[in-house]
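Report on the following structure.
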Amino acid sequence: MTPPVDQSGVLGWWALHRRELPWRNTRDPWAVLVAEVMAQQTQVDRVVPRWHAFLGRWPTPTALATTPLAEVLRAWQGLGYPRRAANLHRSAQAVVADPDLGGELPSTLDGLLALPGIGPYTARAVLAFAHEADVGVVDTNSGRILARVGGAVMTIIHVMMLLGMAAAGLADLYGARTMMLATAIPKSIIT
């Protein structure tokens with residue numbers, strides 16, 4: 001099957017514009033989860049040093065779960081949205097409390113979605129980046145890359161539709177792209 005998007009265009013853009021981020025060099029689900037949660041609504045340049053410090057202090061869910069929430073919130077200051085830290089703390093506690101998990105994050109979509117504050121994008125990101133699972137991880141950055149490759153403007157409506165399709169499991173990443181690209185990106189790069 002021919003991919004519906006010029007993959008060389010997407011990969012070429014990536015090669016020119018990607019940033020080196022430390023969490024791209026790990027397959028540790030906890031480290032990936034911490035990065036994903038920290039990067040929500042926070043500039044990545046601010047996240048990098050805080051991610052290192054956080055994992056240096058709490059390298060596992062067990063380490064975080066046994067820390068008082070007030071201490072976690074103090075360490076989170078400056079990243080914004082402290083509810084993210086509280087949910088990460090609650091998720092760590094849930095993982096530690098579940099004897100079937102043995103202190104490790106779940107490795108299934110349903111298991112991750114059952115944790116406090118973990119939504120479809122974050123759960124899929126952990127599966128894809130830590131476990132190399134073949135799941136569609138679609139966020140606004142993915143939409144922006146697709147728009148740039150096609151020379152089109154991707155509206156928030158297009159992005160939300162992509163997110164909804166991926167999260168609902170209605171299509172794999174290429175299927176969701178195919179559906180969206182028909183309206184968002186010029187036909188010249190759709191095969």
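Read-outs throughout are calculated quantities, based only on the coordinates presented, and are distinct from any laboratory measurement. Given the structure is predicted, the values throughout are model-derived calculations rather than measurements. Reconstructed Cβ throughout: ideal geometry from the backbone, glycine too, with neighbour counts over all protein chains shown.
What the table below lists for this structure:
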item	result
Gain on full stretching of the segment that runs from residue 27 to residue 11 - 0.36 nm per residue minus C-alpha separation	3.6 nm
Linear extension gain, residue 97 paired with residue 18, 0.36 nm per residue minus alpha-carbon span	24.6 nm
Estimated distance in nm for a label pair at residue 128 and residue 77, the labels positioned 7 Å out from Cα along Cα-to-Cβ	3.6
Cut-off 13 Å between beta-carbons: net charge of the residues surrounding residue 89, Lys and Arg +1, Asp and Glu -1	+4
Phi-based couplings in Hz for region 21-33 (Karplus 6.51, -1.76, 1.60; Gly and Pro marked x)	10, x, 6, 6, 9, 9, 10, 7, x, 5, 5, 5, 4
